[in-house]
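Quick notes on the structure that follows.
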Amino acid sequence: MDIKKILVGIDESKYADYAAEYGFSLARKLGAAIAIVNIIEPIPAAVSPMNDTTFGLPLEGTADVNNVEILNTQNQAADNLLSCIVQKYGSDLQVTQYTDYGSSAEGIVNCGAQFGADLLVIGTHHRSGFDRLLMGSVAEDVVRKSLVPVLVVPLTDKPAAE
């Protein structure tokens, strides 16, 4: 088995940050190409149609200005997060960056396929019981849906592998 490409799933949690540190370290050891992905999950927003200034009637199917602003803010936050991770762990590497929209698990798996990843690296929040029932488990979904191996990195008090 040869690991030539690694994709790391990133969010703004300390769990993903630790997984990124681990994934970048592993990529260096293996001489593998690395990519990172941040998935933007939709935020439910109130529907308010824009008005046609000529007749004062709502235009169906048009984007609400607030929704566009939310999307722009989410995109900027994703870009900032990805840039921070690259500066923190991969400033000496060529890093491919992805931002996708929708379900986190599906987005990670899809971007992994697009990148041609041989390994996916993700962190885990260690949710169980009621929290897991309400929030779901992205890590579990990625493991179930991925066609390539998935390394789930738990957050520990130990430093990342060197």
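The values are calculated or read from the model by the stated rules, or taken from the named source; none is laboratory data. Just so we're clear, the structure is a prediction, and the values are computed from it rather than from any experiment. So basically every Cβ, Gly included, is an ideal-geometry build from the backbone, and we count neighbours across all protein chains shown. The accessibility values were calculated without ligands, DNA or RNA, using every heavy atom of the protein model including side chains. Shrake-Rupley method; radii C 1.70, N 1.55, O 1.52, S 1.80 Å.
Among what's in region 101-127 and is surrounded by fewer than 18 Cβ atoms within 10 Å (Cβ to Cβ) and charged (D, E, K, R), pick the residue that is nearest to I36 (Cα to Cα).
Filtering region 101-127 for residues that are surrounded by fewer than 18 Cβ atoms within 10 Å (Cβ to Cβ) and charged (D, E, K, R), the one nearest to I36 (Cα to Cα) comes out as E106.
Go through (1) modelled with pLDDT of 95 or more; (2) open to solvent by 60 Å² or more (accessible area, probe 1.4 Å) for S146 and report which single condition fails.
With (1) modelled with pLDDT of 95 or more; (2) open to solvent by 60 Å² or more (accessible area, probe 1.4 Å) applied to S146, the lone miss is (2).
If A35 meets every condition in (1) touching a Gly at 6+ places or on another chain (Cβ under 9 Å); (2) at pLDDT below 55 apart from one, which number is that one?
(2)
Consider I122 carefully, then state whether it is part of a strand (DSSP E or B), within 19 Å of S146 (Cα to Cα), within 11 Å of the chain's Cα centre (by Cα) and at pLDDT 90 or above.
So I122 passes the test.
Just need a number here: residues in region 63-112 that are of a type outside the set (A, V, I, L, M) and part of a helix (DSSP H, G or I).
Going through region 63-112 one residue at a time, the tally reaches 21.
Out of region 86-99, which residues are under 12 Å from the mean Cα position of the chain (by Cα) and open to solvent by less than 40 Å² (accessible area, probe 1.4 Å)?
Y98
Within region 52-66, is there a residue that is open to solvent by less than 40 Å² (accessible area, probe 1.4 Å), at pLDDT 85 or above and either among the charged types (D, E, K, R) or within 24 Å of A33 (Cβ to Cβ) (or both)?
no
State all residues of region 153-162 that are at pLDDT 80 or above and open to solvent by 50 Å² or more (accessible area, probe 1.4 Å); if no residue qualifies, say none.
Correct list: P154, L155.
List, please: which pairs have Cβ atoms under 8 Å, are six or more places apart or on different chains, and start with a residue in region 108-119 that is within 17 Å of V152 (Cβ to Cβ) and of a type in the set (D, E, K, R) and end with one that is modelled with pLDDT of 95 or more and not in a helix (DSSP H, G or I)?
Correct list of pairs: D118/I3; D118/K4; D118/K5; D118/I6; D118/A32; D118/V148; D118/P149.
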